[in-house]
1. By the scheme Lys and Arg +1, Asp and Glu -1, what is the net charge of all other residues having a beta-carbon under 9 Å from that of Ser66?
2. In degrees from 0 to 90, rounded to the nearest 10, what is the angle of the helix 116-128 Cα long axis to the longest principal axis of the chain?
3. In what order, largest first, do Asp184, Asp219 sit by accessible area if the probe radius is 1.4 Å?
4. For volume of the Cα convex hull per residue in Å³, the choices are (1) 123; (2) 160; (3) 202; which was calculated from the structure?
5. Round to a whole number: what % of the accessible area of segment 1-149 belongs to carbon and sulfur, probe 1.4 Å?
6. Could you work out how far the C-alpha centroid of segment 185-241 sits from that of segment 133-166, in angstrom?
7. How far, in degrees from 0 to 90, does helix 41-57 lean away from the longest principal axis of the Cα atoms of the chain, to the nearest 10?
8. List the residues, sorted by chain then number, that are 5 or more residues from His157 or on another chain and whose placed amide H is less than 5 Å from its amide H.
Amino acid sequence: MYLPAHTWPDLADYIESESESLAVVPLGSTEQHGPHLPEGTDHMIAEALARAATEQTGYLCTPPISIGVSSHHRQFHGTMWVDAPVFRDYVENLSRNLTYHGIDRIVYVNAHGGNVAHLREVGRRLHQDETAYAIEWMWDESIPNLIEEVFETPGPHGGPKETAMIMHIANELVREDRLEEARDGGVDFDGDAARVHGATTFYDAIENSPNGVFGDQTDATPEVGEQLFDAATEQLVALLEWLDEQPFEALMPESHVDTQPGSGREGV
């Protein structure tokens with residue numbers, strides 16, 4: 001159920017139904033994805049997955065948040081970002097807006113690694129004051145075995161996994177004539193290569209890759225993209241159904257382990 005497409009009485013019916021107190025919020029970024037992919041890659045993937053899963057299940061899907069924490073791509077033309085505290089506060093305010101309308105559990109369908117820690121922090125805040133249960137979900141982390149099976153060098157950014165997904169979602173936006181350029185101008189990412197004596201030594205993407213991307217983009221096809229999309233959607237549907245089944249009380253923080261006299265806390 002895509003929120004912008006419905007009237008407020010329709011949405012009232014959703015909230016008033018027996019168990020529909022769950023919302024899905026797609027998030028991504030608007031940032032460079034190499035010479036071959038559109039800058040909207042992340043938020044396009046997030047919205048497509050969120051829309052597909054909520055169409056299957058009937059849960060509520062909000063409009064996407066299309067600009068995230070992306071300053072580490074700032075050297076490349078067109079990259080947009082907001083500072084992390086602004087992003088956290090915005091997402092938290094949006095989430096509390098949803099709770100005002102009766103939502104008490106939220107899944108952030110996220111397709112940008114730079115957002116992860118900040119979405120976890122927002123979820124922690126909402127959990128701590130028992131306002132809502134909000135969790136972050138990334139599509140590629142839900143199907144790691146499949147990604148390893150279909151790609152030799154998937155790459156963490158702008159690689160064949162994201163390329164294949166966009167080929168499936170919006171193939172007309174992929175510059176297929178630049179796939180070799182993306183591969184040859186980028187790098188095969190090795191996480192250990194960016195560490196020196198246990199320390200991570202880079203801050204910006206350009207310090208690792210001259211053209212901002214990693215992996216072998218020529219391995220991507222629309223058919224593989226469809227396979228990844230369907231598998232990730234299946235995982236998201238399962239997550240939404242699991243979360244909807246949980247009693248809200250069971251999702252809230254546990255009591256302190258030990259009652260202290262005069263504290264007013266309830267222990268075990």
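The values are calculated or read from the model by the stated rules, or taken from the named source; none is laboratory data. Because the structure is predicted, anything quoted here is derived from the model rather than measured. Virtual Cβ from ideal backbone geometry, glycine too; neighbours counted across all protein chains shown. Calculation scope for accessible area: heavy atoms of the full protein, side chains included, ligands and nucleic acids excluded. Shrake-Rupley method; radii C 1.70, N 1.55, O 1.52, S 1.80 Å.
1. -2
2. The two axes meet at around 0 degrees.
3. Order by accessible area, largest first: Asp184, Asp219.
4. Among (1) 123; (2) 160; (3) 202, the one calculated here is (2).
5. Using a 1.4 Å probe with all protein chains present, segment 1-149 comes out at 51 percent carbon and sulfur.
6. The distance from the Cα centre of segment 185-241 to that of segment 133-166 comes to 6 Å.
7. Taking the Cα atoms of the chain, the angle to 41-57 is about 50 degrees.
8. Phe214
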